[in-house]
Each structure stands twice: as C-alpha cells, then as structure tokens.
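Remarks on the structure that follows.
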Amino acid sequence: MAKNIMKKVLSLGLGLSIVTTAAMAKLEKTDLKIGFIALTDCAPIVVAKEKGFFEKYGLNVHVAKEGGRMAWYPAKSDFWRV
C-alpha cells in the first residue's frame with residue numbers, strides 16, 4: 001500500500017512539473033522558412049502546413065519547394081530536409 005501511495009505522489013509531482021514547464025516555455029522562434037525537395041518523404045511537412053498544424057502551435061511557417069539537389073542549399077532555409 002505504501003508503494004502504491006508513493007507511486008501516485010511521484011506521478012502527480014512529475015505531472016505537475018511537466019505542466020508547469022510547458023506553461024512557462026516560450027517559443028524561441030515563431031517565423032520559420034522550411035525548404036524541401038519534392039519527394040514523398042517530405043509530404044508530411046506540406047500536409048501539416050495545409051491542415052494548420054503549425055499555426056495551432058503558434059508557428060508562422062512558410063513552406064517552399066526547392067529545386068533539385070544541385071540547385072538547393074541549406075542557407076536558404078531555417079530548416080531543411082533532404
């Protein structure tokens with residue numbers, strides 16, 4: 001019984017700690033440019049933009065399709081995916 005109470009107390013403490021940290025956290029950067037090459041593994045980025053997932057979390061994201069590997073370089077974007 002003591003173990004059960006201890007588990008509940010620790011779970012509650014951990015839960016409160018996570019909630020407090022998340023509530024106090026501030027986004028470091030909200031305006032993002034994401035460049036990608038049109039491949040199927042980059043589709044989730046485009047779908048997330050279209051469905052408003054970024055806006056839901058306070059992010060202003062500009063998604064841009066880049067050229068092939070030779071015409072594209074990481075300096076154009078804040079985040080890049082190859």
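Since every read-out is calculated from the coordinates, none of them should be taken as a lab result. These figures come from a predicted structure and were not determined experimentally. We place every Cβ from the backbone using ideal geometry, glycine too, and count neighbours over all the protein chains shown.
Among the lysines, which have Cα under 22 Å from the Cα of Lys33 when same-chain residues fewer than 8 positions away are ignored?
Lys49, Lys51, Lys56, Lys65, Lys76
Which order do Thr30, Thr40 fall in if you start with the one that has the fewest other Cβ atoms within 10 Å?
Final ranking by Cβ density, sparse to dense: Thr40, Thr30.
Using DSSP to define loop residues, name the chymotrypsin sites (Phe, Trp or Tyr not before Pro) in the stretch 26-67 whose beta-carbon has at most 11 other beta-carbon atoms within 10 Å.
On the way: sites: Phe36, Phe53, Phe54, Tyr57; in loops: Tyr57.
Counting only loop positions with at most 11 other Cβ atoms within 10 Å, the chymotrypsin sites (Phe, Trp or Tyr not before Pro) in the stretch 26-67 are Tyr57.
Can you list the residues, at least 5 places off or on another chain, whose amide H is less than 5 Å from the amide H of Lys33, using H built in the peptide plane?
When sequence neighbours closer than 5 places are left aside, the close amide H contacts are His62, Asp78, Phe79.
Could you run the Karplus curve 6.51 cos²θ - 1.76 cosθ + 1.60 with θ = phi - 60° over the stretch 39-46 and give me ³J(HN,Hα) per residue in whole Hz, x for Gly and Pro?
Coupling constants for the stretch 39-46: 10, 5, 6, 9, 4, x, 5, 5 Hz.
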